[in-house]
Amino acid sequence: MSPEQLQAATGCTTANAQKYAPHLTAAMARWGIDTPVRQAAFLGQVCVESGALSVVSENLTYTTASRLCAVWPSRFKAPEAAAQYVRNPSGLASLVYAGRMGNGLADSGDGYRFRGRGLKQLTGRSNYAAYKAATGLDVLANPDLLLQPQFAADSAGWFWHANALSPLADARNWTGLTQKINGGLTDLSGRIAAINRALKALGA
């Protein structure tokens, strides 16, 4: 995939197209994302997860308590409960990710240590451990390896493969695909629009 194709498919900047085109091409080849429809679905979802290839680390810095309540309504019922987590990304991650996805309890530091990284926003100790087992890359010892373009792309391809997402792409089941990737239907319309743009760019 050329940088020009990647830019057309994702709407990313020229610089990010040049940075990620070879790595996304390699990741798709490695992990069996091997038809235009699969590639378009993969790139559309990656585009949304990464802000058009501009974000490879989860932003947990919130500047207002009201925003925290809006994003994490099950955790914060009122602004007073969220106040201590304003501009406190490590504290917030320890709260919302503790005891989930293979993470230890809040005082383990796992929530922040294994926050979302890479073009897919790989999250949680269990996902990091599974990626290490599949590739040999020790992201448990050095989670920031996923910030490097090669591994940011490869980990996204691995997640796709590990979760058997190609059949959903083949069926053009964008809702089911989003549920698998997001755990819900966050920004479903935006994801469908991104996939459609990629389908057009790839002639699929």
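Checking the condition farther than 29 Å from Ser2 by Cα and among the hydrophobic types (A, V, I, L, M, F, W, C), which residue from Ala106, Ala194, Ala156 passes?
Going through Ala106, Ala194, Ala156 in turn, the sole match is Ala106.
Hey, can you tell me all the residues within the range 1-22 that are open to solvent by 60 Å² or more (accessible area, probe 1.4 Å), farther than 15 Å from Gly157 by Cβ and without any contact (Cβ under 8 Å) to a residue 24 or more places away in the chain?
Once the filter is applied, which keeps residues that are open to solvent by 60 Å² or more (accessible area, probe 1.4 Å), farther than 15 Å from Gly157 by Cβ and without any contact (Cβ under 8 Å) to a residue 24 or more places away in the chain, the range 1-22 yields Glu4, Gln7, Thr14, Ala15, Gln18.
Can you work out which of the residues in the range 164-184 that are part of a loop (DSSP other than H, G, I, E, B) and hydrophobic (A, V, I, L, M, F, W, C) is surrounded by the fewest Cβ atoms within 10 Å (Cβ to Cβ)? Steps first, answer last, please.
Here is the first cut: in the range 164-184, the ones part of a loop (DSSP other than H, G, I, E, B) are 164-165, 171-173, 183-184.
If we keep only those that are hydrophobic (A, V, I, L, M, F, W, C) too, we end up with 164-165, 171.
Numbers: Ala164: 9, Leu165: 22, Ala171: 11.
This residue is Ala164.
Residues in the range 117-163 that are among the aliphatic types (A, V, I, L, M) and open to solvent by 10 Å² or more (accessible area, probe 1.4 Å): how many? Steps first, answer last, please.
Let us first name the residues in the range 117-163 that are among the aliphatic types (A, V, I, L, M), namely 119, 122, 129-130, 133-134, 137, 139-141, 145-147, 152-153, 156, 162.
If we keep only those that are open to solvent by 10 Å² or more (accessible area, probe 1.4 Å) as well, we get 129-130, 133-134, 137, 140-141, 145, 147, 162.
Counting residues in the range 117-163 that are among the aliphatic types (A, V, I, L, M) and open to solvent by 10 Å² or more (accessible area, probe 1.4 Å) gives 10.
Can you pull out the residues in the range 38-80 that are of a type in the set (Gly, Ala, Ser) and either open to solvent by less than 50 Å² (accessible area, probe 1.4 Å) or within 21 Å of the chain's Cα centre (by Cα) (or both)?
First pass over the range 38-80, keeping only residues of a type in the set (Gly, Ala, Ser): 40-41, 44, 50-52, 54, 57, 65-66, 70, 74, 78.
Residues satisfying the conditions are Ala40, Ala41, Gly44, Ser50, Gly51, Ala52, Ser54, Ser57, Ala65, Ala70, Ala78.
Is it true that Lys120 is assigned to a helix (DSSP H, G or I) and either at negative phi or touching a Ser or Thr at 6+ places or on another chain (Cβ under 8 Å) (or both)?
No.
Restricting attention to the range 123-138, report how many residues are outside any helix (DSSP H, G or I) and either of a type in the set (Phe, Trp, Tyr) or farther than 16 Å from Arg30 by Cβ (or both).
Restricting attention to the range 123-138, the residues satisfying the condition of being outside any helix (DSSP H, G or I) are 123-124, 136-138.
When the remaining residues are screened for being either of a type in the set (Phe, Trp, Tyr) or farther than 16 Å from Arg30 by Cβ (or both), the result is 123-124, 138.
Within the range 123-138, residues that are outside any helix (DSSP H, G or I) and either of a type in the set (Phe, Trp, Tyr) or farther than 16 Å from Arg30 by Cβ (or both) number 3.
The values are calculated or read from the model by the stated rules, or taken from the named source; none is laboratory data. A quick note: this is a predicted structure, and the numbers were derived from the prediction, not measured. We place every Cβ from the backbone using ideal geometry, glycine too, and count neighbours over all the protein chains shown. Note: accessible area is taken over every heavy atom of the protein model, side chains too, but ligands, DNA and RNA are not part of it. Shrake-Rupley method; radii C 1.70, N 1.55, O 1.52, S 1.80 Å.
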